[in-house]
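Heads up, the thing below is written out as structure tokens.
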Amino acid sequence: MQAYSHAFEVGEINRTFYKLPMTKTAERWRREAADDFEFTLKAWQALTHPTNSPTWRGKKDKLSDEQEENFGYLRPNEQVVEAWEETKERAEALEAKVCVLQTSAGFDCSEENEENMRELLGRIDRGGVELAWEPRGDWKENPGRVKEMCEDLDLVHIVDIMRRDSVSNHDIAYVRLHGLNPEEYDYDYDYSGEELEELAGKLQDLAENHERVYCMFNNYEMFDNAQKLKGLL
């Protein structure tokens with residue numbers, strides 16, 4: 001943790017999506033990192049993914065029947081609200097400013113999902129944590145709906161700017177890069193020098209209209225690609 005936090009200014013914790021660490025573990029991560037290092041984290045999948053999702057495989061042993069039935073899809077029920085409270089507790093332990101909500105492809109651009117999302121995110125206590133949303137599935141073909149949801153619910157739009165433009169007017173811009181293979185979420189990718197130069201230009205353009213710009217690599221060569229990008233910037 002110390003070596004990483006001295007190499008970069010910010011890092012996104014991905015393991016919190018699969019299983020939340022103990023709060024004291026998150027506090028230890030914060031202590032071990034450089035003082036000026038910033039954490040972001042992915043929200044626990046209990047908020048976004050129903051328990052029949054492959055991402056839950058091997059991680060449902062300790063769930064209650066109510067949790068197994070009601071988790072996921074940002075449904076405004078007691079179990080999902082409690083999952084947010086657990087996530088927020090870890091975010092606060094990390095002193096994280098941003099929490100990532102990555103919805104699944106199964107969370108499609110439907111009226112039911114939109115209503116649930118509006119009710120839940122309008123109900124929860126965010127504390128001092130900004131919520132950043134990475135829509136997947138057919139939301140990507142409906143940028144107008146994404147823009148409306150982000151504006152109405154004060155969400156940062158997470159986007160891969162090497163594939164599509166951000167539609168958020170939020171003060172924060174948040175970029176997640178998965179590679180440029182034909183299949184968007186095939187993470188076996190190494191960005192070329194030319195692609196990183198293009199990315200650097202796009203990030204500089206974002207910085208002209210946003211107070212803060214986060215750029216996270218989510219591909220197998222993320223560490224090397226991030227170091228090269230840092231050099232370009």
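Extension gain, residue 154 to residue 14, is 48.1 nm, computed as 0.36 nm per intervening residue step minus the present C-alpha separation.
For the stretch 65-145, just say rounded, prolate or oblate: build the C-alpha gyration tensor, square-root its eigenvalues into a ≥ b ≥ c, call rounded for a/c under 1.5, and beyond that prolate if a/b exceeds b/c, oblate if not. Since a/c reaches 1.5 but b/c is at least a/b, the shape of the stretch 65-145 is classed as oblate. Summary of the geometry: the stretch 130-208 and the stretch 67-129, compared by the centres of their Cα atoms, lie 20 Å apart. Placing a label point 7 Å from the Cα of residue 60 along the Cα-to-Cβ direction, the residues of the stretch 1-36 whose backbone N falls under 19 Å of that point are 17-20. Candidate values [x] 73, 38, 30; [y] 50, 41, 31; [z] 63, 44, 29 were compared with Cα extents along the principal axes in Å computed on the shown model; the agreeing label is [y].
Only the Cβ atoms of Lys and Arg (+1) and of Asp and Glu (-1) were treated as charged; on that basis the dipole of the chain about its Cα centre amounts to roughly 720 debye. Each stretch of four or more DSSP H residues adds -39500 (n - 2.57); spread over every residue of the chain, this sum gives -12000 deg cm²/dmol at 222 nm.
Using a cut-off of 20 Å between Cα atoms, the listed pairs 19/42; 42/88; 42/228; 147/228; 19/60; 24/88 include 42/228; 147/228 as exceeding that distance.
Per residue, the accessible area of the chain comes to 50 Å², computed with a 1.4 Å probe over protein heavy atoms only. Expressed as a whole percent, the accessible area of the chain that falls on carbon and sulfur atoms is 42 (1.4 Å probe). The orientation-averaged projection of the convex hull spanning the C-alpha atoms of the stretch 171-220 amounts to 3.5 square nanometres. The order of the peptides 84-95, 117-128 by mean Cβ neighbours within 10 Å, most packed first, is 84-95, 117-128.
Heavy-atom accessible area, probed at 1.4 angstrom with all protein chains present, ranks 210, 6 as 6, 210, highest first. Simple spin-label estimate for residue 198 and residue 85 gives 4.7 nm between the two label positions (7 Å along the Cα-to-Cβ direction from each Cα). Projecting label points 7 angstrom from Cα along Cα→Cβ for residue 163 and residue 185 puts them 0.9 nm apart.
Sorted on the mean count of surrounding Cβ atoms within 10 Å across their residues, most packed first, peptides 179-191, 219-231 read 219-231, 179-191.
Take every pair of alpha-carbon atoms less than 8 Å apart whose residues are at least six positions apart; their mean separation over the length of the chain yields a relative contact order of 14 percent. Summarised as an ellipsoid, the stretch 48-101 has semi-axes of 21, 12, 11 Å, derived from the eigenvalues of the Cα gyration tensor scaled by 5 and square-rooted, with the largest first.
The values are calculated or read from the model by the stated rules, or taken from the named source; none is laboratory data. Being a predicted model, the structure only gives us computed values, none of them experimental. Because the Cβ atoms are built from the backbone with ideal geometry, glycine has one as well, and the counts that use them run over all protein chains shown. Ligands, DNA and RNA are stripped out before the accessible areas are found, and what is left, the full protein with its side chains, is counted by its heavy atoms. Shrake-Rupley method; radii C 1.70, N 1.55, O 1.52, S 1.80 Å.
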